[in-house]
Amino acid sequence: PAMPIGMDVARTAAEEYAGTTTVDSVTAEVDPELDESPAYYEVELHTAWGEFEYLVDAYTGKVLSGQKDLLATAPVGDATAKPSAPSGTVQDIGYAKAKSIALNHAGVSESKAYDMDIELDDEDGKLVYEVEFKSGGMEYSYEINAASGAILKHEAELDD
């Protein structure tokens with residue numbers, strides 16, 4: 001199709017993929033990234049158990065990346081429960097775990113970190129969390145393997 005699907009359709013596609021369409025407490029932010037190739041919508045779903053990012057193809061509505069079936073993997077009672085990946089799917093440590101790995105490595109408590117930005121990126125076929133934040137006059141940048149939680153790269157520099 002020649003026209004993008006629109007932000008509402010992109011949000012619905014992400015919610016259906018995540019399995020959160022029946023949950024009232026989900027809010028979403030949708031950013032059109034139509035100048036990218038392929039063009040997509042970045043949909044962030046804010047749920048009771050975290051924030052999840054989905055990339056939805058701007059023309060087909062197909063979800064390109066994101067965590068599937070959140071309700072099936074949502075922690076019940078135990079907030080530290082790790083969702084189990086069905087066989088054949090890639091295990092993903094999740095945004096919260098990537099954040100805690102970076103903060104712990106930097107020796108920064110979450111309350112002292114600000115301008116936190118976490119993105120899931122595909123780098124040469126490997127899913128990587130890019131975690132950036134500032135604290136105490138420093139700027140921190142991490143690349144964390146989304147499957148294993150291993151820190152692939154980290155930098156700390158003076159915040160200018």
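The values are calculated or read from the model by the stated rules, or taken from the named source; none is laboratory data. The structure presented is a predicted model; accordingly, all values stated were derived computationally and were not measured. All Cβ positions, even for glycine, are placed from backbone atoms using ideal geometry, and neighbour counts span all protein chains on display. When the accessible area is computed, the model is the full protein with side chains, heavy atoms only, and any ligands, DNA or RNA have been set aside. Shrake-Rupley method; radii C 1.70, N 1.55, O 1.52, S 1.80 Å.
Checked against (1) touching a residue at least 40 places away in the same chain (Cβ under 8 Å); (2) on the phi > 0 side of the Ramachandran plot; (3) part of a strand (DSSP E or B), ASP115 meets all criteria but (1).
Among the residues of segment 73-81, is there at least one that is at pLDDT 90 or above and of a type in the set (D, E, K, R)? No, there is no match, as no residue in segment 73-81 is at pLDDT 90 or above and of a type in the set (D, E, K, R).
Of the residues making up segment 107-118, those that are open to solvent by less than 60 Å² (accessible area, probe 1.4 Å) and closer than 19 Å to GLY94 by Cβ are ALA113, ILE118.
Quick grid of which residues meet (1) in a loop (DSSP other than H, G, I, E, B); (2) open to solvent by 20 Å² or more (accessible area, probe 1.4 Å); (3) out of contact with any Asp or Glu (no Cβ under 9 Å at 6 or more places or on another chain); (4) at pLDDT 80 or above:
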| site | (1), (2), (3), (4) |
| --- | --- |
| ILE101 | no, yes, yes, yes |
| VAL131 | no, no, no, yes |
| SER148 | yes, yes, yes, yes |
| GLU157 | no, yes, no, yes |
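Pairing each residue of segment 146-160 that is at negative phi with any residue that is open to solvent by less than 60 Å² (accessible area, probe 1.4 Å) and assigned to a loop (DSSP other than H, G, I, E, B), provided the two are 6+ apart or on different chains, yields C-beta distances under 9 Å for ALA146/ASP92; ALA146/ILE93; ALA146/GLY94; ALA147/ASP92; ALA147/ILE93; SER148/ILE93; LEU158/GLY137; ASP159/GLY137. Which members of segment 133-146 meet the condition of being modelled with pLDDT of 90 or more and of a type outside the set (Ser, Thr, Tyr)? Selection gives PHE133, LYS134, GLY136, GLY137, MET138, GLU139, GLU143, ILE144. Just one of the listed residues (VAL90, VAL23, VAL9) is open to solvent by 80 Å² or more (accessible area, probe 1.4 Å) and either at pLDDT 85 or above or out of contact with any Asp or Glu (no Cβ under 8 Å at 6 or more places or on another chain) (or both), and it is VAL90. Within segment 51-64, the residues that satisfy the criterion of being assigned to a strand (DSSP E or B) and surrounded by fewer than 17 Cβ atoms within 10 Å (Cβ to Cβ) are GLU51, LEU64.
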